[in-house]
1. Does the stretch 101-117 contain at least one residue that is of a type outside the set (S, T, Y) and within 16 Å of the chain's Cα centre (by Cα)?
2. Can you confirm whether I84 is at pLDDT 95 or above and touching a strand residue (DSSP E or B) at 6+ places or on another chain (Cβ under 8 Å)?
3. Considering (1) in contact with an Asp or Glu (Cβ under 7 Å, 6 or more places away or on another chain); (2) modelled with pLDDT of 80 or more, say which one R166 fails and leave the rest.
4. Quick one: in the stretch 258-297, of everything that is of a type in the set (K, R) and crowded, with 16+ Cβ neighbours inside 10 Å, which residue is nearest to the chain's Cα centre (by Cα)?
5. Residues in the stretch 105-125 that are out of contact with any helix residue (DSSP H, G or I) (no Cβ under 9 Å at 6 or more places or on another chain) and not basic (K, R): how many?
6. Take residues that are surrounded by 17 or more Cβ atoms within 10 Å (Cβ to Cβ) and at positive phi and tell me which of the helices (runs of 4 or more DSSP H) falling wholly in the stretch 7-122 contain 3 or more.
7. Quick check on N223: is it over 24 Å from D287 (Cα atoms) and at pLDDT 65 or above?
8. Could we say that L113 is at pLDDT 95 or above and away from the ligand (no atom under 15 Å from the Cβ) here?
Amino acid sequence: MSITYGIFYNGQAGQGQAATVAHQAAQALAKHHIQTQLLTTPGIPRAIALIKQTLPQLSALIIIGGDGTLNVAMTALLQANASIQIGVIPMGTVNNFAKRYHLPTDPTAAMDLICQRPALQSVGILACNQRRAVVSSLTFGNLADISNEVRQTEKQRFGKLSYLYRAIKHIGKNKSLPIRYQFKHAGSRTLKTWFCLITTTKSVGGHTYSASAPGKMHLSLLNNIGWRQVLPYLWFAWTGNLQNSQSITQLTATDVRITSVSGQAVTTRIDGDPALKLPIELNYLADRFDLIVPESV
Ligand SMILES: Nc1ncnc2c1ncn2[C@@H]1O[C@H](COP(=O)(O)OP(=O)(O)OP(=O)(O)O)[C@@H](O)[C@H]1O
């Protein structure tokens, strides 16, 4: 039986570069006697439907893009309850997920890796309300609102500087909110939350910011922010590193339900994109996918 890989990409991203790379990947895989099916359509719901519909014919899914595009693909796999092998050609701005697993960021090197398949690694993700994947991070609170304001074009042109600019404009303006965190086996805590970062692994953007906790999500809460916290906060905005700040609560969990106690609307961002409002339920799905990785990971 012939082997077919799906190649999923966002045709509108990066001035059509993803489309060029998708065709190059198809040619490279053909040389290894692997057939391919290009999967692309404008609009996230349609893209999810297309992947779900094509999955039964595929032995692996190659995803071209950053965390946002990976999120679309993994949400489709989650909803279809499928556990297909995954290859990634990173083409986002930040590429958190790819950095975490030491995937090459050069498209040609990433294609070579996928063709040669030196090793597979089990990768865990989070399920939000059972239906939406969280590939790298979920955030809410003031910093998440700031990144909401950063437009995609701004992010592509100025990278992290655009976040810093927006952050400085916000200092001193926003308050923290009481948020309830209900853990499956560890009770419930209501904590003042200025900003909450939840990640699938111990690192963000290639920086390790928390101790290792296999099989669990990492939660970091910046409880409040006044002028004393400005420096740690700017440090975080710049490096993604929260470890040395005293105004931070760090927790790990397998399952948590998160509610806004005051009833004030709180919108989350998942893998960089505006997403669901609180309340949400998060479940860690350990070893959910097999990812094609370099041998040395
Ligand atoms: N088929 C699609 N139609 C419309 N939008 C899509 C589609 N697939 C992905 N997107 C969106 O395109 C945007 C860009 O995604 P992508 O992750 O590739 O780049 P990025 O945001 O620069 O990456 P990173 O998060 O790593 O910085 C995201 O908001 C993602 O949700």
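1. Pass one, the stretch 101-117, residues of a type outside the set (S, T, Y): 102-104, 106-107, 109-117.
Adding the requirement that they be within 16 Å of the chain's Cα centre (by Cα) leaves 102-103.
Yes, the stretch 101-117 contains a residue that is of a type outside the set (S, T, Y) and within 16 Å of the chain's Cα centre (by Cα).
2. no
3. (2)
4. The extreme case among them is R269.
5. Taking the stretch 105-125 first, the residues out of contact with any helix residue (DSSP H, G or I) (no Cβ under 9 Å at 6 or more places or on another chain) are 106, 109, 113, 116-122, 124.
Filter once more, so that each one left must be not basic (K, R): 106, 109, 113, 116, 118-122, 124.
Final tally of qualifying residues: 10.
6. Values: elements: 17-30, 44-54, 67-79, 96-100, 107-116.
Result: empty, no element qualifies.
7. yes
8. yes
The values are calculated or read from the model by the stated rules, or taken from the named source; none is laboratory data. Since the model is a prediction, treat every value here as computed from it, not as a measurement. Cβ: placed from backbone, ideal geometry, glycine included. Neighbour counts: every protein chain shown.
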